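In what follows, a structure is listed as structure tokens, so that the remarks can point back to it.
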Amino acid sequence: MQSPRGERHLVVVTRTPLSPGGPAIHAAAPLPGGPAFVLPDPVASLMKQYGASMVPLFTAPPPKSTAFHHLAAPASAPSAGVRLYHRVVAKQEQLETIANALRNAPTVEAAYVKPAPEPAINRMLPKASPPAPPASTPDFRSGRIT
């Protein structure tokens, strides 16, 4: 039986956060309400070569809580960490090739292809059946068990 599967994803972790900046052909898509991030030159040229683009893996900034604001990290820390993780949008058959090329880029810490998700289907079968009921019920009419 063939189960439905999702798509594989090429995840890229950069050594430093992408910096917001001017226009670039293959810039990473902006966070909601934020500027576009310019890709460093080796990564941008690879994206152009394969007709791919890079988008942030986490599209929304972390929620801001005011309850424990005195314990929180500085405001720049969460957004910087979010900008380290990206996903490459490309044809499925090119993902491994692009990942291998990105691993050689000096600005890339890691690049890997995340396998396609599969639904959790329980295919386990019982190994033993429950015991059979007794053939006959004892006679307790006398009030004594013999």
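Assorted remarks:
- Matching residues, region 112-134, being surrounded by 10 or more Cβ atoms within 10 Å (Cβ to Cβ) and not aromatic (Phe, Trp, Tyr): Val113, Lys114, Pro115, Ala116, Pro117, Glu118
- Ala67 vs. criteria modelled with pLDDT under 95, hydrophobic (A, V, I, L, M, F, W, C) and assigned to a helix (DSSP H, G or I): no
- The lone criterion from (1) among the small types (Gly, Ala, Ser); (2) in contact with a Phe, Trp or Tyr (Cβ under 7 Å, 6 or more places away or on another chain); (3) assigned to a loop (DSSP other than H, G, I, E, B) left unmet by Ala135 is number (2).
- When the residues of region 37-48 are filtered to those that are without any contact (Cβ under 8 Å) to a residue 24 or more places away in the chain and farther than 15 Å from Leu18 by Cα, the one that is surrounded by the fewest Cβ atoms within 10 Å (Cβ to Cβ) is Lys48.
- Enumeration of residues in region 96-132 that are acidic (Asp, Glu) and assigned to a strand (DSSP E or B): Glu109
The values are calculated or read from the model by the stated rules, or taken from the named source; none is laboratory data. All values reported here derive from a predicted model rather than from experimental measurement. For neighbour counting, all protein chains shown are included, and Cβ atoms are generated from backbone atoms with ideal geometry for every residue, glycine included.
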